[in-house]
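So the structure is just underneath, and the comments pick up after that.
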């Protein structure tokens, strides 16, 4: 048995403190699932000013976090807080896994299929929330997706041969894909299969894009080949919050994965395939 540990926390991305707690906890647990491990214990990390915001807001953040921790079957052992006028919340999580079954964010093989389990666009939509451009229904759906644990997706992922896995967060789809391929292999993305929130293209067309998207594009665009215009070229750089799992499946196991996915069920999209050449490049196919 081996233990794996991770830590993650961030500032509020939604106005409701309870929902923020749910999302932050789900996000913190994702790295454990991406490593093929089972989360067991967690510690709260809190930055908050009771004097400025009041204790009721803090209680709701913590309540959201605890509810998500319980849903994951994890034990909360305590935590640490500091006085800070910029609110931050997250978890340090410990999980267990067999040493020979740890999944890493590299090692994908030629012809492996690339699977994603949540739609892209949370960065764009969260920017839309700040600009008061989303309906309540859209915000509710956004929160639901971000607060969804990657637990069930991880269970199905572990039922087949997976060579590499990660979760999509701040570096966007392209950034995390680059980590997976390094300079050892290439990958082609099927633009028509890439999932995204239905509100995202409209917001992007109005220029409502997060700063992180531009930073990701500046840093990773040299590794991208193919179509360099249109919405897809925006959303693949969009920084995600509590995004889905991204993993490579042995080509002979795709049908088994699809059959097993129906038993939960989970959302998933086959968005690409790993290729031998060109190494280190992400190619966008129409």
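The values are calculated or read from the model by the stated rules, or taken from the named source; none is laboratory data. The structure displayed is predicted, hence computed values, not measured ones. No Cβ is skipped: glycine too gets one built from the backbone with ideal geometry, and neighbour counts run over all protein chains shown.
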Can you tell me which residue among 65, 90 is touching a strand residue (DSSP E or B) at 6+ places or on another chain (Cβ under 8 Å), under 26 Å from residue 129 (Cα atoms), assigned to a strand (DSSP E or B) and at pLDDT 95 or above?
-> 90
Cβ-Cβ below 9 Å, separation at least six or inter-chain, first residue in the stretch 250-265 and exposed (fewer than 12 other Cβ atoms within 10 Å of the Cβ), second in a helix (DSSP H, G or I): which pairs?
-> 263/156; 265/152
Got at least one residue in the stretch 204-219 being under 17 Å from residue 162 (Cα atoms), touching a helix residue (DSSP H, G or I) at 6+ places or on another chain (Cβ under 6 Å), modelled with pLDDT of 95 or more and buried (at least 19 other Cβ atoms within 10 Å of the Cβ)?
-> no
May I ask you to list pairs of residues, at least six apart or on different chains, whose Cβ atoms are under 8 Å apart, with the first in the stretch 73-96 being loosely packed, with under 12 Cβ neighbours inside 10 Å and the second being modelled with pLDDT of 95 or more and assigned to a loop (DSSP other than H, G, I, E, B)?
-> 83/49; 85/49; 86/11
Can you tell me which of 134, 158, 142 is touching a residue at least 40 places away in the same chain (Cβ under 8 Å) and either within 15 Å of the chain's Cα centre (by Cα) or surrounded by 22 or more Cβ atoms within 10 Å (Cβ to Cβ) (or both)?
-> 142
Within the stretch 171-188, the residues that are more than 15 Å from residue 114 (Cβ to Cβ) and either touching a strand residue (DSSP E or B) at 6+ places or on another chain (Cβ under 9 Å) or crowded, with 20+ Cβ neighbours inside 10 Å (or both) are 171
Right, residue 65: crowded, with 22+ Cβ neighbours inside 10 Å, at positive phi and touching a helix residue (DSSP H, G or I) at 6+ places or on another chain (Cβ under 7 Å) or not?
-> no
Determine whether the stretch 135-154 contains at least one residue that is under 30 Å from residue 211 (Cα atoms), in contact with a strand residue (DSSP E or B) (Cβ under 9 Å, 6 or more places away or on another chain) and in a loop (DSSP other than H, G, I, E, B).
-> yes
Within the stretch 44-58, identify whether any single residue is crowded, with 17+ Cβ neighbours inside 10 Å and under 18 Å from the mean Cα position of the chain (by Cα), and answer yes or no.
-> no
Test result for residue 179, over 19 Å from the mean Cα position of the chain (by Cα) and either outside the structural domain of residue 68 (by TED's automatic domain parsing) or over 26 Å from residue 254 (Cβ atoms) (or both) = no
Within the stretch 221-250, the count of residues that are in a loop (DSSP other than H, G, I, E, B) and under 14 Å from the mean Cα position of the chain (by Cα) comes to 9
Determine whether residue 111 is in contact with a helix residue (DSSP H, G or I) (Cβ under 6 Å, 6 or more places away or on another chain), surrounded by fewer than 21 Cβ atoms within 10 Å (Cβ to Cβ) and closer than 16 Å to residue 245 by Cα.
-> no
So which residues in the stretch 155-169 are in contact with a strand residue (DSSP E or B) (Cβ under 9 Å, 6 or more places away or on another chain) and not in a helix (DSSP H, G or I), if there are any at all?
-> 160, 161, 162, 163, 164, 165, 166, 167, 168, 169
